[in-house]
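Okay, so here's the structure we're looking at.
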Amino acid sequence: MAVVIATALTLFAVQSQATPLDKLSGQSITVGNLVFSNFSWPAFIGAGASNIDVQGIIVIDPATGKQQSGLRFVIIQSGVPKPFSLSPNGGPHEIAFVIDYSVTDTTGQLNTMTKSIVTSVTGQAGVVFSTGASPSQVVADESLVDPTFTLMWYSNWFGVLTTNSSTSSPNFAEVSSDHPQFSAPLFPSSTVYVQHNVNLAISNRKGVTGGTATLQEWDVLFSE
C-alpha cells in the first residue's frame with residue numbers, strides 16, 4: 001500500500017502563541033493583516049476541540065521576501081503535541097471532525113489559499129482532508145455549489161491516492177492533489193469563510209490486516 005508523509009513548509013515561519021481550539025469560541029487571532037474569527041467545531045468523532053492547538057504563523061520566502069500569513073493547527077494530547085494515531089493495536093478506529101472559521105484581510109483582498117498537511121498512511125487505512133472556502137458562509141459549509149466556492153481536497157484512502165488535478169467546473173473551483181502541500185485560487189474577497197473536514201480511519205474487519213493512519217498538524221496560508 002502507498003505511504004505518504006507530508007513535510008512542513010521549508011520557508012522561514014514566525015509563530016505566535018498557540019491556543020486550544022476549545023478556547024477560541026468568540027475570540028479572534030490576528031496575524032499580520034489578517035484577522036481569524038468565528039471559530040466553531042460543529043462535529044467531532046473520536047477526539048475533541050481540546051485536542052487541537054491553533055497558532056498564527058507568518059511564512060517568509062528567504063529568497064524573495066514574499067510573505068504569507070495563516071494558521072497552524074497542531075494535534076495535542078494531554079496538553080502537549082502528539083499526533084492522532086490510529087492502529088489495530090488499540091484506540092479508536094476512526095477520528096473525524098469539522099472546523100469552521102473566517103479570515104478577513106484588513107488591507108486588501110484574499111486571492112490564494114495554500115494548505116500543507118503532515119500525515120501518514122500505511123496498509124488498510126485512510127486519510128481524507130477537504131477544505132471549502134467562500135465569501136459566503138452558507139457556500140463554505142457546502143450546502144450550496146456556487147461560483148464563489150473553492151474546494152481543496154487531499155485523499156489517501158486505503159491505498160488509493162487522489163490524482164493531480166486542477167479544474168474549473170461550471171459551478172465552482174476544485175483543486176485536488178496527491179501531494180499534501182498545494183494551493184488553490186479563492187474568489188477575491190476581503191473576508192472568506194473556511195471549513196475543514198477531516199477523516200482518519202483504519203480497517204476494523206476480521207481477517208483483514210490492519211493499517212495505521214496519523215495526523216500531526218496542518219498549515220493554511222492566505223495571500224493577496
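The values are calculated or read from the model by the stated rules, or taken from the named source; none is laboratory data. Here the structure is a predicted model, which means the values were calculated and not measured. Here the Cβ is made from the backbone with ideal geometry for all residues, glycine too, and neighbour counts use every protein chain on show.
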task: Determine if the stretch 75-82 includes at least one residue that is of a type in the set (Gly, Ala, Ser) and in a loop (DSSP other than H, G, I, E, B).
output: yes
field: Within the stretch 83-93, tally of residues that are surrounded by 13 or more Cβ atoms within 10 Å (Cβ to Cβ) and outside any strand (DSSP E or B)
entry: 4
task: Could you tell me which of the residues SER78, SER40 is of a type outside the set (D, E, K, R) and closer than 22 Å to TRP153 by Cα?
output: SER40
task: Could you tell me whether the stretch 32-41 includes any residue that is at pLDDT below 95, under 30 Å from THR212 (Cα atoms), assigned to a loop (DSSP other than H, G, I, E, B) and not hydroxyl-bearing (Ser, Thr, Tyr)?
output: no
query: Which one of the conditions (1) at pLDDT 90 or above; (2) within 21 Å of ILE52 (Cβ to Cβ) does ASN111 fail to meet, given that it meets all the rest?
result: (2)
Test for THR30: is it among the polar types (S, T, N, Q) and in contact with a Leu (Cβ under 8 Å, 6 or more places away or on another chain): no
Unique match (being small (Gly, Ala, Ser) and within 12 Å of LEU21 (Cβ to Cβ)) among SER40, SER87: SER40
- request: For the stretch 177-219, enumerate the residues that are at pLDDT below 90 and among the acidic types (Asp, Glu).
  value: ASP178
query: Restricting attention to the stretch 86-135, which residues are among the hydroxyl-bearing types (Ser, Thr, Tyr) and under 19 Å from the mean Cα position of the chain (by Cα)?
result: TYR101, SER102, THR104, THR112, THR114, SER116, THR119, SER120, SER130, THR131, SER134
- line: For the stretch 41-82 the number of residues that are surrounded by 14 or more Cβ atoms within 10 Å (Cβ to Cβ) and polar (S, T, N, Q) is 6
- prompt: Looking at VAL98, VAL103, VAL128, which one is surrounded by fewer than 19 Cβ atoms within 10 Å (Cβ to Cβ), in contact with a strand residue (DSSP E or B) (Cβ under 9 Å, 6 or more places away or on another chain) and closer than 19 Å to SER37 by Cα?
  reply: VAL98
- request: Can you run down the residue pairs with Cβ atoms below 7 Å, 6 or more apart or on separate chains, where the first is in the stretch 47-60 and more than 18 Å from LEU200 (Cβ to Cβ) and the partner is buried (at least 19 other Cβ atoms within 10 Å of the Cβ) and among the polar types (S, T, N, Q)?
  value: ILE58/SER69; VAL59/GLN68
- prompt: How many residues does the stretch 140-176 contain that are at pLDDT below 80 and under 17 Å from SER190 (Cα atoms)?
  reply: 1
- line: In the stretch 123-158, residues that are assigned to a strand (DSSP E or B) and free of Cβ contacts under 8 Å to residues at least 40 places away in the same chain total 7
